[in-house]
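Working notes, structure below.
The values are calculated or read from the model by the stated rules, or taken from the named source; none is laboratory data. Being a predicted model, the structure only gives us computed values, none of them experimental. Cβ placement follows ideal geometry from the backbone for every residue including glycine, while neighbour counts extend to all protein chains displayed.
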Amino acid sequence: MKKTLLLFTFFIGIVSINAQTLEELKATQAAKKDSIAAIQGRVDAIQGQIDALPGWKKGAFGTIGGSVSSFKNWYAQGSPNNNSGNIGFTVNAFANLTQEKFFWRNAANVNLSWVKLDDKDDPLDSDKFREATDVFNITSLYGRKLNEKFAISGLAEYRTTILSNFNDPGYLDLGVGATWTPITNLVVVIHPLNYNFVFSKEDAIFESSLGAKILADYTRQIGAISFKTNLSMFQSYKSGDLSNWTWTNSFGYTLWKMIGVGFDFGLRNNKQEALNYAINTLGNTTETFDTVDNDLQSYWMFGLNYKF
């Protein structure tokens, strides 16, 4: 009986010591996390001061994703014998010049991907990769500073596809107005005088017009995390059918050295593109701006990320 009591007491003591040690370790861990957060805050503050210094700031990060597969006699699916694959990548690059009286900000976004589905039971089926995502966007913004937050600015932005139908359509925005930079990494452009040049063979659908341009861009790196969000809007003064907007987002997390994981997604609304697709791709020649379904366009990509 005494031995049992001694063993029980010993066991309770060990549990108590372990519990106490666990709580102490958790308390120590919490203190360390607070210290790391405080250090990161100071590092971010210093980085903000560095970013605000005059001179060129350049950088880029991107995402690469892909997969391949092969099926043989897999009867549960519609094409039991097939080879398939997809590959894609995105690149976000910038080169910004900051001086005491002016700034010049340049950015590029490229998102390309290809897919293949080779049905071995269909001799007419193509075994080649074909274009899936095709996004190309470059911007150049020049601003003459009125103070640290506001500037008189001019913007040039060009958007198109490059794998197929290059510059058909292509969009070139040229405008002047004001730029607001409330914080180091955020740029908001408001240009009430902007001309949207549209280049296309389908002149009956695509039309250039005068309007207002709004662009907002936020690019930031916090430790191992890099992200960029960009909203580009054009509001035509002639007709709402000629207006459009595009919102793109890129996130990257570095896991080891320069390699990590990335996620990209984008949304777009463009009634001219919707009508062109309905008439020239689907063959619905009776469609008009008033009848076409202007569905929201979207894309996303997840894969390996490489920070340049």
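Residue check: Met258 meets all listed conditions (1) surrounded by 15 or more Cβ atoms within 10 Å (Cβ to Cβ); (2) touching a Phe, Trp or Tyr at 6+ places or on another chain (Cβ under 7 Å) but one, namely (1).
The set of residues in segment 179-218 that are within 20 Å of Glu273 (Cβ to Cβ) and not in a strand (DSSP E or B) comprises Ser200, Lys201, Glu202, Asp203, Ala204, Ile205, Phe206, Glu207, Ser208. For segment 130-148, a residue qualifies if it is over 19 Å from Val91 (Cβ atoms) and of a type in the set (Phe, Trp, Tyr), and exactly one does: Tyr142. All of (1) at pLDDT below 65; (2) of a type outside the set (Gly, Ala, Ser); (3) assigned to a strand (DSSP E or B) hold for Asn86 with one exception: (1). Glu202 falls short of the stated requirement of being surrounded by fewer than 17 Cβ atoms within 10 Å (Cβ to Cβ), modelled with pLDDT of 85 or more and assigned by TED's automatic domain parsing to the domain that holds Asp173. Screening Tyr237 against (1) among the hydroxyl-bearing types (Ser, Thr, Tyr); (2) crowded, with 17+ Cβ neighbours inside 10 Å; (3) more than 25 Å from the chain's Cα centre (by Cα) leaves a single unmet condition, (2). The one condition from (1) in contact with a Gly (Cβ under 6 Å, 6 or more places away or on another chain); (2) under 21 Å from Glu157 (Cβ atoms) that Tyr218 does not meet is (1). Beta carbons closer than 7 Å, at least 6 apart along the sequence or on distinct chains, never pair a first residue in segment 100-120 that is assigned by TED's automatic domain parsing to the domain that holds Ala151 and outside any strand (DSSP E or B) with a second that is aliphatic (A, V, I, L, M) and surrounded by 17 or more Cβ atoms within 10 Å (Cβ to Cβ).
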